[in-house]
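Comments concern the structure below.
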Amino acid sequence: MQTHFTEEQLQDPGTARANEILRACVHCGFCTATCPTYQVLGDELDSPRGRIYLIKDMLENRRAPDRKTVLHIDRCLSCLACMTTCPSGVHYMHLVDHARAYIEQNYRRPLGDRLLRSLLALILPHPRRFRLALRAARIARPLARLIPDARLRAMLEMAPKRIPPVSRNDDPQRFAAAAPRLKRVALMTGCAQRALNTDINDATIRLLTRLGCEVVVAEGAGCCGALTHHMGRTRDSHATAARNIRAWQREIDGEGLDAIVINTSGCGTTVKDYGHMFRNEPLAEAARRVSGMAMDVSELLALLELPQGAPRGEVVAYHAACSLQHGQKITSAPKALLKRAGFSVVEPADSHLCCGSAGTYNLLQPEISGQLRARKVATLEARSPDIIAAGNIGCMVQIGSGTGIPVVHTVELLDWATGGPRPRALDGALDGAQERAGTGVSEVPILK
């Protein structure tokens with residue numbers, strides 16, 4: 001694609017990067033075939049190619065974003081399926097992230113939009129605030145039908161029936177390896193996950209220590225910054241990311257780390273991009289180092305000796321989170337691990353398409369998100385699984401709200417198969433599967 005940025009414009013690092021990305025695009029349109037919003041809406045401007053044209057025009061002419069441009073950029077999930085499909089290697093993620101930051105700086109949204117987005121940024125990255133918000137939403141949920149704004153209704157409906165108690169495993173501390181120590185790793189405990197499902201971090205700690213890892217929860221680490229980053233709130237996202245970088249750098253400089261383990265793939269995609277986010281800042285070198293050490297939990301488990309499990313009776317439908325398969329290019333490891341643990345693994349049709357969660361997307365774009373959820377649930381249920389497995393809390397909440405089949409994190413199933421407790425989401429749901437397996441499963445205490 002031909003661009004016409006001035007030398008003055010190219011002095012801005014974000015614009016210079018956008019120029020590189022735009023020039024790589026050859027207008028082929030392959031991206032439209034795998035773009036979820038184009039599949040749902042059928043509008044060229046709701047495809048990656050269409051959005052690229054809008055972004056180019058906005059940035060090149062240095063114009064204030066108009067309502068039309070903002071509408072179509074807001075509708076992008078950042079699922080990154082287009083990057084998997086693109087034969088020219090267009091790095092759409094960096095382009096759309098820069099466009100969102102530009103919009104945030106140069107566009108005044110309607111008051112309701114500003115308040116809602118500020119509320120999400122104020123609550124979701126902070127586990128304690130999020131817990132309070134979830135409790136309030138549970139109380140107000142019976143009134144959801146009376147609320148005219150679909151986005152506010154979606155926020156109320158998001159509240160789970162059960163809010164888990166706080167897990168002290170998420171506090172800064174060290175967990176010794178239960179076997180001869182092979183690695184020392186830091187676990188990113190996250191933010192929303194700590195309020196929505198504490199079992200995931202508990203299971204991760206049990207499994208990794210069982211396999212010979214010393215696990216550290218670093219003092220000062222928290223939200224990865226993805227939620228605010230994808231809303232264009234660069235100052236907020238960089239502030240939280242910088243705290244993580246400093247926290248993990250202290251561990252690296254102290255007793256050392258072999259990896260920074262992340263069990264929420266949306267967070268993993270962002271942490272692995274810290275090197276780019278901080279490329280022109282004083283933390284650049286530390287950020288590159290942290291990005292280079294970041295691993296999805298399935299990547300680390302693939303390097304460890306996960307015991308070979310006997311065949312089990314449970315059929316697991318594996319949902320590939322977009323941030324894992326497109327953002328991090330991790331496709332085979334989770335399925336291979338589940339099979340090694342003894343589960344029968346199936347995949348849905350069109351597994352490359354997003355479930356509609358996408359961070360805050362299901363709250364900001366509930367209608368489109370709902371259509372994508374219905375499509376994803378239908379393809380998963382068509383495989384008649386006993387369990388749905390995923391590696392991202394957002395996907396788990398999104399899919400779980402549309403099906404009666406239990407949705408469990410991949411690491412919970414691997415923990416269960418290697419001696420840990422049965423995931424609580426499966427209570428009362430697997431009697432038939434266990435009868436087919438002909439085996440019982442004993443439980444062990446949660447780490448404290």
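The values are calculated or read from the model by the stated rules, or taken from the named source; none is laboratory data. Just so it is clear, the model here is predicted, and its values are computed rather than measured. Cβ atoms come from the backbone with ideal geometry, glycine included; neighbour counts cover every protein chain shown. Each accessible area value is taken on the protein alone, full model and side chains, heavy atoms only, with ligands, DNA and RNA left out. Shrake-Rupley method; radii C 1.70, N 1.55, O 1.52, S 1.80 Å.
Annotations for the structure displayed:
- Each Lys or Arg adds one and each Asp or Glu subtracts one; over the other residues with Cβ under 14 Å from the Cβ of PHE278, this totals +4.
- Shape of the stretch 72-217, Cα gyration tensor, a/c cut at 1.5: oblate
- The relative contact order of the chain, computed from alpha carbon pairs under 8 Å that lie at least 6 residues apart in sequence, is 14 percent.
- Cα centroid separation, the stretch 375-419 to the stretch 46-119 (Å): 31
- Total formal charge among the other residues, if their Cβ is under 14 angstrom from that of LYS56, Lys/Arg +1 and Asp/Glu -1: +3
- Computed [θ] at 222 nm, helices only, for the chain once each DSSP H run of length n ≥ 4 contributes -39500 (n - 2.57): -13500 deg cm²/dmol
- Of the whole protein surface, SER332 contributes about 80 Å² of accessible area at a 1.4 Å probe radius.
- Set LYS272/LYS339; LYS183/LYS329; LYS272/LYS376; LYS329/LYS376 screened for pairs whose C-alpha atoms are more than 22 Å apart: LYS272/LYS339; LYS183/LYS329; LYS272/LYS376
- For ARG128, neighbours were defined as the other residues whose beta-carbon sits under 12 Å from its Cβ, and their charges (Lys and Arg +1, Asp and Glu -1) total +3.
- For the stretch 1-143: rounded, prolate or oblate by the Cα gyration tensor [a/c cutoff 1.5]: prolate
- The candidate values were [x] 1.06; [y] 0.96; [z] 1.08; the one computed from these coordinates for Rg/Rh (Cα atoms, Kirkwood Rh) carries the label [y].
- Charge dipole of the chain (Cα centre as origin; +1 on each Lys and Arg Cβ, -1 on each Asp and Glu Cβ, all else neutral): 920 debye, rounded to the nearest 20.
- Cys residues of the chain counted as unpaired, since no other Cys beta-carbon is under 4.7 Å: CYS25, CYS28, CYS35, CYS76, CYS86, CYS213, CYS355, CYS395
- Estimated FRET transfer efficiency (ASP149, VAL26; beta-carbon r; R0 45 Å; 0.05): 0.65
- For the stretch 149-204 and the stretch 309-359, distance of Cα centres in Å: 20
- With all projection directions averaged, the alpha carbon convex hull of the stretch 1-54 covers 3.9 nm².
- Cβ-based charge dipole, the stretch 1-151, positive-most Cα from LEU41, PRO110, MET93: PRO110
- Low-density loop positions, GluC sites (Glu not before Pro), the stretch 211-270 - DSSP coil, at most 13 other Cβ in 10 Å: GLU219, GLU255
- Computed extension gain for GLU157 through ALA16, at 0.36 nm per residue and net of the alpha carbon distance, reaches 46.6 nm.
- Contact order normalised by residue count of the stretch 142-245, Cα under 8 Å, 6+ apart, percent: 27
- DSSP beta bridge pairing in the chain, given as percent antiparallel to the nearest 5: 15
- Taken about its Cα centre, the stretch 138-200 carries a charge dipole of roughly 100 debye when the Cβ of each Lys and Arg holds +1 and the Cβ of each Asp and Glu holds -1.
- Among the trypsin sites (Lys or Arg not before Pro) in the stretch 135-167, those located in a DSSP loop and surrounded by at most 16 other Cβ atoms within 10 Å of their own Cβ are LYS161, ARG162.
- Relative packing of 183-190, 53-60, which averages over residues the other C-beta atoms within 10 Å, highest first: 183-190, 53-60
- Test item: Cα-centred dipole of the stretch 233-274, Lys/Arg +1 and Asp/Glu -1 on Cβ, debye: 300
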